[in-house]
1. Read through the list (1) at the interface with another protein chain (Cβ under 7 Å from one of its Cβ atoms); (2) without any contact (Cβ under 8 Å) to a residue 24 or more places away in the chain, then give the number of the only condition that B:Phe290 fails.
2. Inspect all residues belonging to region B:429-443 and state whether any of them is among the polar types (S, T, N, Q), buried (at least 18 other Cβ atoms within 10 Å of the Cβ), at pLDDT below 85 and assigned to a helix (DSSP H, G or I).
3. Which count do you get for residues in region A:309-332 that are within 16 Å of B:Ala184 (Cβ to Cβ) and more than 8 Å from chain B (Cβ to nearest Cβ)?
4. Pairs under 8 Å by beta carbon, first residue surrounded by fewer than 20 Cβ atoms within 10 Å (Cβ to Cβ) in region B:54-75, partner not in a helix (DSSP H, G or I), six or more apart or different chains?
5. Could you please find all residues in region A:79-103 being in contact with a Pro (Cβ under 9 Å, 6 or more places away or on another chain) and not charged (D, E, K, R)?
6. Please state which of the following conditions A:Arg43 fails to meet, knowing it meets all the rest: (1) of a type in the set (D, E, K, R); (2) at pLDDT 80 or above; (3) within 26 Å of A:Gly134 (Cβ to Cβ).
7. Report whether or not A:Leu411 is surrounded by 22 or more Cβ atoms within 10 Å (Cβ to Cβ), touching a helix residue (DSSP H, G or I) at 6+ places or on another chain (Cβ under 7 Å), in contact (Cβ under 8 Å) with a residue 24 or more places away in the chain and under 29 Å from B:Glu278 (Cβ atoms).
Amino acid sequence: MRRRNQAERRFKLYGQIAIGIAVSFLAILLISISFRAASAFSRHMLVLDLEPAVLTEPSELAVTDLNLAVRAELMSQFPELSDDRVERAELYAMTPRLAVLPLLRELQEMTVPPQAPIAARLALSDDVNLYLKGEIKTHRTVPVGDAGRLARLSTGAYRLSDADQDNFIAFQDRLADPGAPSNDILISLSGALFELADTAGASLILNHLAGPVPALGEQASSPVNAIFLGSETADRPLSNRQIALLILMDDAGMIERRFNASLFTNADSTYPELAGAAAAIVGSLFTMLITAIFAIPVGIFAAIYLEEFAPKSRLTSVIEVNINNLAAVPSIIFGLLGAAVFLNTFDLPRSIPLVGGLVLGLLVLPTIIIASRAALRSVPPSMREAALGLGASKTQAVFHHVLPLAAPGILTGAIIAMARALGETAPLLLIGMVAFVSDVPTSPNDEATVLPVLIYKWFSGSERAWEPMTAAVIIILLTILIAMNLIAVLLRRRFERRW
Amino acid sequence: MLQTLGQLPIGWLLIAPLAAAGFFAFSFGRTEIGELSIGSTIGARLHSQPNYHGYFLAFCTILPAALVFLGYLIFSESFVRETLRSELPDYLLAQGPDQVSLFVERVARYIGNGPIDSTGNVLFDASVERYAVLKGQARLIAIMIAVIAAVGGFFLGRRPLNRSFPARTYVEQTITALLFVCAAIAIVTTVGIVLSLVYETVRFFSLPDGPGVFEFLFGTDWNAQTGQNFGAVPLFFGTLMIALLAMCVAVPVGLFSAIYLSEYASPRFRSWVKPILELLAGIPTVVYGFFAATLIAPLVRNLAQWINALPITPDNLLAAQPTNALAAGLVMGVMIIPFVSSLSDDVINAVPQPLRDGALAVGATQSETIKQIVLPAAFPGIVAAVLLAVSRAIGETMIVVMAAGGRALVTLDPTSDITTVTYQIVSLLTGDTAFDSAKTVSAFALGFALFGITLVFNVIALRVVKRYREAYD
């Protein structure tokens, strides 16, 4: 008997474990994606005051003009870099060329050239953003002591000799320690940043990175800080100079963290820092519109026919079996159907929401029919009989009495079907909705993409910055889907009737 | 003039006049019959209410015109393109059908609103202009026929309107016919799927550079991107392997959840957990794919590398690829859990309560009742649920596209990357594809195989479920 009881408990435990696995998997999925997405919802921007002088005629401005202005402003902030082309390139690479686009559009709307300096907020490159968000190992600052003499060795190379400070010696000991992690070290001295090239005796050999070099000679006890970067140049996309520039920009208040609105306002781009989901959101909207216009009425009418009018004939049962089978056909087959019929036979254009919506409409049609039939069936026959008894025709009984009573159930089914269509990817890939679209579509006949396809596309992007962006779009999509399902559940609760 | 007409985004403008005509016809029919009945002698009543006469006239007006527009939508584009194609100069036609299709496609896409900008290419500009003119002609013809059809329908429909005219009967017959057409769309879809797949598959096997049926079904080399080898065995193998891995997760977890939920759980617990399980089914597959590729696949890889590094195993025991079959299979299994659990839940609940009561009464514990009475009674239904789940796993696309890799291998190593039928269909048909090359058409042959396999599974499963339901109802 005890064995039997144990077996009983074990069996029950298996069930609990199974449910635990399913639920915890869902939790892991949602949490891990939310974590990844979190960093994409905010971003760092570079704030620059652009001189109005360069912006004489707003309507004729081009990307190049603004870029020149941005570069001139950056140069005036870091004049020490002006001599070397390579150093300048490192500075310019921190913000992508097209980052001026939003500002450009804003300026082009203006009728009068602006007089005061314009505060420009520019997207930083994806690598810089990742660095600032701490995805790449962040730096750690250690005070070293007071500086001694600074001497110039050659262009950009300096020697900082010791100032008989205990800290300084301890610092050198730590550098000499074979157990110290191998990484790059920056040395900051009165607003200038150097890279530690070597130690020679009691002095440090430094390469200048950024910031104005202090006057040579005795440094009247200015504090020296060592910044451990925690990684080597070869292991990260940013150079030491770029990190030094970032530190200086941050100190000068030129870097601002704000909500990443461009995720919702920008269309797709080949640069992750400029890309947004606006085009895909609108594309999804148009596609769903077509799907709804096509599938919901047709589905409801088909259900009415099958449930209320169809004679019990061979043909009717064929249609029934067929609908049940169609509901279980893999979605990608519908993509093949769309490619063969809509694209190849009817020569409709690729990548447009009209075709996508029709394909998805055919895909969810069986779901809507099945749900609507269930809703119609749940209306008691007495309703029909009462209407018929009062002299209504069959059509009148169905459209005036049965259909309104079944409407909440039908609506619930339709919303759930639309949610399914909204999350569908594979069939749309086959009808070309994966094409790169840089404009927000304005009609169902424009080339477009949809949210799930955008997820797939961004996932396939090679830069690391795509990953949080992809997760962010997933969060947007899941939010919409959960909202739709909630509405369906609420509708069901609100209007559910037991007969 | 024709050119401008051809450029207008006209599709949506057609609906408004049609609706207006319908509304006009409706009110006209209603008032006219109303006037007829006013002057009538006592006792001469209308056969149908005035509304039905209105509907009758509206149908007469709208339906023929709508049919004309439908025909226009379906056939105009291919007609215009065919005409354009036949007028292209010979040197372009000589470049082969692929190039011609691409050229026509570019022309068709170039048309926007407003004046056509010159591209500098004389032939292209001329083609764009000609395309717009042809399109304008097609539209003009369609609109003229539609107007004639609408006006003709209106007057023909108006003639028989009198008091004894059975408008309601006709209207209701029309409505029933429309309902039937809607129901038939499901059939048309299936026929469309079968016809297009069969047609393209036959074309594939008759292409000069295509393979024979035997080579396709039993060949072990798959190299469709270069269009050389079309042996689909590695694809079928990969599909089955991933489906099997998925079933290893989905069947035990789904089945035990269903048993627990239907036999042990309190109603409160059930009302919470069931929607959560169903939520798993509502998550888009592309999200599962992302999850599998970014979290599970690296985990599997690390695990495989760790196993390889163990002293007792050879160093190259497992392939340990960054995308692998195991990750795709595991995540797909989780995705399928709700299918298995909700279907099994239904069949377990359908087992009549007296069977359970009888077993409990003779002293069996609850788990013994479940194992020896309920599960055997529900067995056919559970098999059907598993079959449906397998069919679902075979047809699943996004998870394998994102997490399973694309190498056509036959290997039992689950950490190797592996390809499936659905993966190949996507990779062959994504991007700009011409429908004339063996590479593109081979996707349809694969689709046909996929459709056939899943259909067999579905038909068997649905049969079993239906019979099972009848047995206990």
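1. Only one criterion is unmet by B:Phe290, namely (2).
2. The answer is yes, given that some residue of region B:429-443 is among the polar types (S, T, N, Q), buried (at least 18 other Cβ atoms within 10 Å of the Cβ), at pLDDT below 85 and assigned to a helix (DSSP H, G or I).
3. Residues meeting the conditions: 7.
4. Pairs found: B:Ile74/A:Phe346; B:Phe75/A:Phe346.
5. Filtering region A:79-103 for residues in contact with a Pro (Cβ under 9 Å, 6 or more places away or on another chain) gives A:79-80.
The answer is A:Pro79, and nothing else.
6. Of (1) of a type in the set (D, E, K, R); (2) at pLDDT 80 or above; (3) within 26 Å of A:Gly134 (Cβ to Cβ), only one is false for A:Arg43: (2).
7. Numbers: surrounded by 22 or more Cβ atoms within 10 Å (Cβ to Cβ): no; touching a helix residue (DSSP H, G or I) at 6+ places or on another chain (Cβ under 7 Å): yes; in contact (Cβ under 8 Å) with a residue 24 or more places away in the chain: yes; under 29 Å from B:Glu278 (Cβ atoms): yes.
No: the conditions fail for A:Leu411.
So that you can scan it fast, the table gives a plain yes or no per residue for (1) farther than 30 Å from B:Ile143 by Cβ; (2) more than 36 Å from the chain's Cα centre (by Cα); (3) modelled with pLDDT under 85:
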{"site": "B:Phe24", "(1), (2), (3)": "no, yes, no"}
{"site": "B:Gln49", "(1), (2), (3)": "yes, yes, yes"}
{"site": "B:Phe59", "(1), (2), (3)": "no, no, no"}
{"site": "B:Gly71", "(1), (2), (3)": "no, no, no"}
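The values are calculated or read from the model by the stated rules, or taken from the named source; none is laboratory data. This structure is a prediction, so every number in the text was calculated from the model and none was measured. FYI the Cβ positions are ideal-geometry reconstructions off the backbone, even for glycines, and counts take in every protein chain you see.
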